[in-house]
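K.L.:
Have a look at this one before I ask anything.
Each reported figure results from applying straightforward, stated rules to the coordinates on display, with no laboratory input. Nothing here was measured: the structure is a model prediction, and the numbers come from that model. Positions of Cβ are backbone-derived with ideal geometry, glycine not excepted, and every protein chain shown enters the neighbour counts.
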Amino acid sequence: MSNIVPLPLGKAGQVGFERIELSRIMDLYGRMVAAGEWRDYAMDFDKDAASFSAFRRAAERPQMRVEKRPSLRGRQGMWTLFGEAGQVLKRGHELPGVLAVIERRLLKIVE
């Protein structure tokens, strides 16, 4: 007789990205890789926040970091975009609005 034991998928209380959020972030990452801007990424999941960092080179500081902090949902918004030096570039309640700052770099002027 066998017993089925469910495996824990993550730590209790750990913050993570939903599928649609991660899809949006990875779509932007893929376009930035194709443009030659980024080459590596890292994700960090903690009990308070989840973050996605993108690097030009793996040995450097992240060029940008998107952080999801659900505890700030009711105040300034749970999404924050940080620049290379750690400065806050944008805060908001919706991920597309926060990522728009980075997506503007992909726009090219055509005559």
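K.L.:
Relative contact order, percent, of the chain when contacts are C-alpha pairs under 8 Å separated by at least 6 residues?
P.N.:
Relative contact order comes out at 17 percent.
K.L.:
Okay, helix-only estimate at 222 nm for the chain: each DSSP H run of n ≥ 4 adds -39500 (n - 2.57), divide by all residues, round to 500 deg cm²/dmol; what do you get?
P.N.:
-7000 deg cm²/dmol
K.L.:
Mind checking which of Gln63, Pro96, Gly86 is farthest towards the positive end of the stretch 49-111's charge dipole, using Cβ charges of +1 (Lys, Arg) and -1 (Asp, Glu) about the Cα centre?
P.N.:
Gly86
K.L.:
To continue, here is another question. Evaluate the stretch 19-106: find the radius of gyration of its Cα atoms, find its Kirkwood radius, and give the ratio Rg to Rh.
P.N.:
0.94
K.L.:
To the nearest 20 Debye, how big is the dipole of the stretch 19-106 about its Cα centre, given +1 on the beta carbon of each Lys and Arg and -1 on that of each Asp and Glu?
P.N.:
Using Cβ point charges on Lys, Arg, Asp and Glu, the stretch 19-106 gives about 180 debye.
K.L.:
Can I ask one more? For Ala34 and Arg57 in one chain, what is 0.36 nm times their gap in residues minus the Cα-Cα distance, to one decimal in nm?
P.N.:
6.8 nm
K.L.:
For Leu107, Leu81, Leu22, what's the fewest-to-most ordering of other Cβ within 10 Å of each Cβ?
P.N.:
With the fewest neighbours first, Leu107, Leu81, Leu22 line up as Leu107, Leu22, Leu81.
K.L.:
Moving on. Which far-off residues, 5 or more places away or on another chain, put their amide H under 5 Å from the one on Asp40, with H placed in the peptide plane?
P.N.:
The list, which skips near neighbours in sequence, is Phe55.
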